[in-house]
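Before any comments, here is the structure.
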Ligand SMILES: C[S@@+](CC[C@H](N)C(=O)[O-])C[C@H]1O[C@@H](n2cnc3c(N)ncnc32)[C@H](O)[C@@H]1O
């Protein structure tokens, strides 16, 4: 089993997000489909005031920032940070106001000298190898509220697990042991404990179950392989057609319970946590 190296992981992750950012934005995030119904919930929970200074960590292509921008006026400030240059260029393209700034930055190395009224992070926290460091920095910069959105457990987000379980069964070492994964904080208690450990209080947890229409099985498979599994697709394909076909057939079985008249409609649990 390969050993997890956080620097190598971040380099690969950045390359991957640079590749998938346009499809991610135009096919998912900006359409507010499936899990992205949470964007409104995250911003609503943050209770943004017009003059707030807001930080959007791992802002990606800027969908949360875009929603925040509707709530702040010219005296407010919005800063988005992300390590993907392509994602940031999409965010900058759609949000051009002078009090909205996007910076290419590793969330584990943020060094702002001023404080923020609100800090948001939608679908980012599970990707940081050193979550404690990010939360600790966030707590020191925060005057008001932090709101985090994460995906639920593997059982609660079958879009991911229906393919990933067979992949891991056939290729257990596809990722180094200890690599971050999308379900890392799927159990809300883990995120609550992480926040408490870092010194946050007033923690509230909201659980949402959205639905996502993934289309036919072939559409789902293609979409998954070119988005979520983009970084490991070559390793899967290199295993040869026999293994790929086995993974595909097991995934087909897994989604049958969510399939109606050839279309797969997945339930999708999202957890939104706020703290101060
Ligand atoms: C699933 S996207 C979420 C983007 C955005 N928050 C949204 O809701 O659409 C995850 C983002 O985390 C960013 N990311 C991952 N690790 C990061 C890190 N260490 N520092 C900054 N950004 C990171 C990726 O570049 C990617 O844009």
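The values are calculated or read from the model by the stated rules, or taken from the named source; none is laboratory data. In this text the structure is predicted, and so the values were computed from the model without any measurement. Methodologically, a virtual Cβ is constructed for each residue, glycine included, from the backbone with ideal geometry; neighbour enumeration extends over all protein chains shown.
With respect to the conditions (1) out of contact with any helix residue (DSSP H, G or I) (no Cβ under 8 Å at 6 or more places or on another chain); (2) in a helix (DSSP H, G or I), residue 186 lacks only one, and its number is (2). Of the strands (runs of 3 or more DSSP E) lying entirely inside the range 96-176, those containing at least 1 residues that are within 13 Å of the ligand (Cβ to nearest atom) and farther than 23 Å from residue 53 by Cα are 142-151.
For the range 240-253, the criterion of being at pLDDT 95 or above, closer than 24 Å to residue 36 by Cβ and not in a loop (DSSP other than H, G, I, E, B) is met by at least one residue.
Rundown of residues vs (1) touching a strand residue (DSSP E or B) at 6+ places or on another chain (Cβ under 9 Å); (2) at pLDDT 95 or above; (3) crowded, with 22+ Cβ neighbours inside 10 Å; (4) on the phi > 0 side of the Ramachandran plot, yes/no style:
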| position | (1), (2), (3), (4) |
| --- | --- |
| 80 | yes, yes, yes, no |
| 86 | no, yes, no, no |
| 105 | yes, yes, no, no |
| 118 | yes, yes, yes, no |
| 121 | yes, yes, yes, no |
| 129 | no, yes, no, no |
| 138 | yes, yes, yes, no |
| 144 | yes, yes, no, no |
| 157 | yes, yes, yes, no |
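Using the structure shown, decide if residue 133 is touching a strand residue (DSSP E or B) at 6+ places or on another chain (Cβ under 9 Å) and farther than 25 Å from residue 258 by Cα.
On the way: touching a strand residue (DSSP E or B) at 6+ places or on another chain (Cβ under 9 Å): no; farther than 25 Å from residue 258 by Cα: yes.
So residue 133 does not fit the description; no.
Scanning the range 232-256 for residues being closer than 23 Å to residue 18 by Cα and buried (at least 16 other Cβ atoms within 10 Å of the Cβ) gives a total of 2.
Residues being free of Cβ contacts under 8 Å to residues at least 12 places away in the same chain and either within 12 Å of the ligand (Cβ to nearest atom) or in contact with a helix residue (DSSP H, G or I) (Cβ under 6 Å, 6 or more places away or on another chain) (or both) are entirely absent from the range 47-65.
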